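Engineer: Starting off with a structure, shown below.
The values are calculated or read from the model by the stated rules, or taken from the named source; none is laboratory data. Nothing here was measured: the structure is a model prediction, and the numbers come from that model. Positions of Cβ are generated from backbone atoms using ideal geometry, with glycine treated the same way; all protein chains shown enter the neighbour counts.
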Amino acid sequence: MKIHEYQAKKILSGFGVPVPKGKDAATLEEAAAVIDSLLAEGAAGVVVKAQIHAGGRGKGGGVKVAKSAEEARQRAQTMLGMQLVTHQTGPLGQTVCRLLIEETAAIERELYVGIVLDRATGRYVVMASPDGGMEIEEVAAETPERIHKAVVDPVVGFTAWQARSLAFALGLKSTQIHRAAAVLQALYKAFVATDATLAEINPLVTTVDDRIIALDAKMNFDDNALFRQPAIKALRDVTEENPLEVEASRSALNYIKLDGSIACMVNGAGLAMATMDIIQYAGGAPANFLDVGGGASQEQIEHAFSILLSDAKVKAIFLNIFGGILRVDRLAAGVVHAARTLQVTLPIVLRLEGTNVEEGRKILKESGLNFLVGATMEEAARLAVKAAQGVEA
């Protein structure tokens, strides 16, 4: 799960990470009040930042500095409601519904710090680089030696000496080493306490008056841990997510929308990936990733069909099921019920194997509905591609 910058800063601030003075605003009136408050408190200027779940906001016009109240209000008015396009939003962009307005800082240097899970080793890695303000992927590709890392022992945790070592590696002044190490340790505490999968400050800046401030912040969280993180779960902004993906999550379905015309319903993530590959191999393009899981109920199958049919690009539906926990006859009964209830007119192609497969095929055959059944994955994929092309024609 992703959250906005202003939410990430509130979390990090609670663990002792210094952040600029500021507040979020969803209306022009709220924005004006924040601007006036910051300037009245002595801020030299303010920065107006669009709040969307995507990086590259500055390059897209979603981060603007203003030195006066009037200029700041104009920035806020322009930004609220705009369709912000960045390299992470795609060509359609994302509507800006909220702003973060903060005091400006007298920046001396821009640094990068972040924490991720290294899945190869199964350990957290704390990273720091003197090249803040840049995309960390660019730094890793062009100058990997500029990224300093500390691998965290899960038993010992992130130690004080590791934090100081990274702070020294950033080439900081002697007066800043202790503060930077404290920021790194606070970031790690926040990361672990919230079940985060990513915690990133880019840039972490030093100022001319020798302060260290998190000028930007990004946090992602483990969806599977949200049951024990109610405060984090409450931060979810579904307006930033695909509506079909939000609807699928409510029924415990794993769904990701894609751009093709062949909808996929599969049980198991590995089989889902293989299904998308074989559709491409057969000359088609998958419209989604949809994993109904091992124990899908009739209601979940019907809901899955409803989600697939909500995508206007879908021209055929491909069900690739290997029955284990989810018996094939139970799935077949659910498919027949869903097709009748939802009055599905699109062609439905199935490839079925596993527990009670013959009983499942019998249910489909006796349903009176026009299902297309492939004996193998390749045959079923070719049937699906042909069916989708037939509808398109």
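Engineer: Out of contact with any Ser or Thr (no Cβ under 8 Å at 6 or more places or on another chain) and at positive phi: does that describe GLY58?
Structural biologist: No: the conditions fail for GLY58.
Engineer: Hey, can you tell me all the residues within the stretch 361-393 that are crowded, with 17+ Cβ neighbours inside 10 Å and over 12 Å from ILE348 (Cα atoms)?
Structural biologist: Those that are crowded, with 17+ Cβ neighbours inside 10 Å and over 12 Å from ILE348 (Cα atoms): ARG361, ILE363, MET377, ARG382.
Engineer: Here's a check for you: in the stretch 174-228, which residue that is among the charged types (D, E, K, R) and within 17 Å of the chain's Cα centre (by Cα) is nearest to LYS64 (Cα to Cα)?
Structural biologist: Applying the filter and picking the extreme gives LYS218.
Engineer: Among the strands (runs of 3 or more DSSP E) lying completely within the stretch 1-85, list those that include at least 3 residues that are within 19 Å of the chain's Cα centre (by Cα) and farther than 19 Å from PRO203 by Cβ.
Structural biologist: Once the strands (runs of 3 or more DSSP E) in the stretch 1-85 are filtered for at least 3 residues that are within 19 Å of the chain's Cα centre (by Cα) and farther than 19 Å from PRO203 by Cβ, nothing remains.
Engineer: Search the stretch 79-103 for residues being under 14 Å from GLU5 (Cβ atoms) and among the charged types (D, E, K, R), and hand back the single one that is surrounded by the fewest Cβ atoms within 10 Å (Cβ to Cβ).
Structural biologist: This residue is ARG98.
Engineer: Can you name the condition, by its number, that ALA105 falls short on among (1) hydrophobic (A, V, I, L, M, F, W, C); (2) modelled with pLDDT under 95; (3) under 23 Å from THR239 (Cα atoms)?
Structural biologist: Condition not satisfied by ALA105: (3).
Engineer: Turning to a different aspect of this structure: Output the qualifying pairs, or none if there are none: Cβ atoms under 8 angstrom, residues six or more apart or on different chains, first residue in the stretch 348-368 and basic (Lys, Arg), second residue part of a strand (DSSP E or B).
Structural biologist: Listed pairs, sorted by first residue: ARG351/PHE318; ARG351/LEU319; ARG351/ASN320; ARG351/ILE321; ARG351/VAL373; ARG361/LEU352; ARG361/VAL373.
Engineer: Here's a check for you: in the stretch 306-341, which residue that is part of a loop (DSSP other than H, G, I, E, B), modelled with pLDDT under 85 and not β-branched (Val, Ile, Thr) is surrounded by the fewest Cβ atoms within 10 Å (Cβ to Cβ)?
Structural biologist: The selected residue is GLY324.
Engineer: Taking ARG179 and the conditions (1) more than 18 Å from TYR112 (Cα to Cα); (2) assigned to a helix (DSSP H, G or I); (3) touching a residue at least 24 places away in the same chain (Cβ under 8 Å), which numbered condition does it fall short on, given that it satisfies the others?
Structural biologist: All conditions are met except number (1).
Engineer: Looking for something closer than 22 Å to GLU103 by Cα and of a type in the set (Lys, Arg) - is there at least one such residue anywhere in the stretch 216-225?
Structural biologist: Yes, the stretch 216-225 contains at least one residue that is closer than 22 Å to GLU103 by Cα and of a type in the set (Lys, Arg).
Engineer: In the stretch 342-360, which residues are in a helix (DSSP H, G or I) and among the small types (Gly, Ala, Ser)?
Structural biologist: GLY360, the sole residue that qualifies.
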